[in-house]
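Every number in this text was worked out from the coordinates using simple rules, so none of it is lab data. Treat the numbers as computed from the prediction; the structure is a model and nothing was measured. Using ideal geometry, Cβ is built from the backbone for each residue, glycine included, and neighbour counts are taken over all protein chains shown.
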Amino acid sequence: MAEPGSSPKLSIDVEFSIFLWVSSVECPPESTLEPCACISIPHSTPSLHSLWFLLLFSFFSSSWTNIVANSSGGLEMLFSNKRQHALVIPAADQDGKPANIANLIDHLCQNVMDDSRKDLFVLSNHLRPGILVLINDADWELEGEEAYEIQSGDNILFVSTLHGG
């Protein structure tokens, strides 16, 4: 029993570990990469365990965005001759602003493109003229071009409209 004038104190010894696996490199299209947080809380009730899991999963899943980036019209040669790339990218840039197409273009150049001829895809840190971009089957000019804020599940298609013949 608590002493008069003092409030009862609850002491909980909680130990947990977090395992997070996220890939920001190319993955097979059939793969379902979801940010995953698993926690283990010994000596806890199931409801406390569930609460911790929901809090951690919510934090980690909001930090990453799943998208599919496609390339065609010859651009696939810059990306190991693969047309489709399932990506998990940061949901925000280094300044905390939501990830946009400009961030995606930079990510593709830095992490996915294996061809040294990056100038076939970008010029002066902007997408090269002659490359059509569709965001969920809509022209990116209708969506704000490089400023479009990427949403989880977006399908981004890059098509070269310049054919050498």
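Between residue 134 and residue 111, the distance separating the two model label sites (each 7 Å from Cα on the Cα→Cβ line) works out to 2.5 nm. Other residues whose C-beta falls under 11 angstrom from the C-beta of residue 158 contribute a net charge of +1, scoring Lys and Arg +1 and Asp and Glu -1.
Our estimate of slack between residue 161 and residue 83, defined as 0.36 nm per intervening residue step minus the Cα-Cα distance, is 26.5 nm.
Residue separation of residue 145 and residue 72 scaled by 0.36 nm, minus their Cα-Cα distance, works out to 24.4 nm of gained length.
Give me the Å³ per residue figure for the convex hull around the C-alpha atoms of region 72-165. List each step's numbers first, then the result.
On the way: hull volume 9.9 nm³, N = 94.
Convex hull volume per residue, Cα atoms: 105 Å³.
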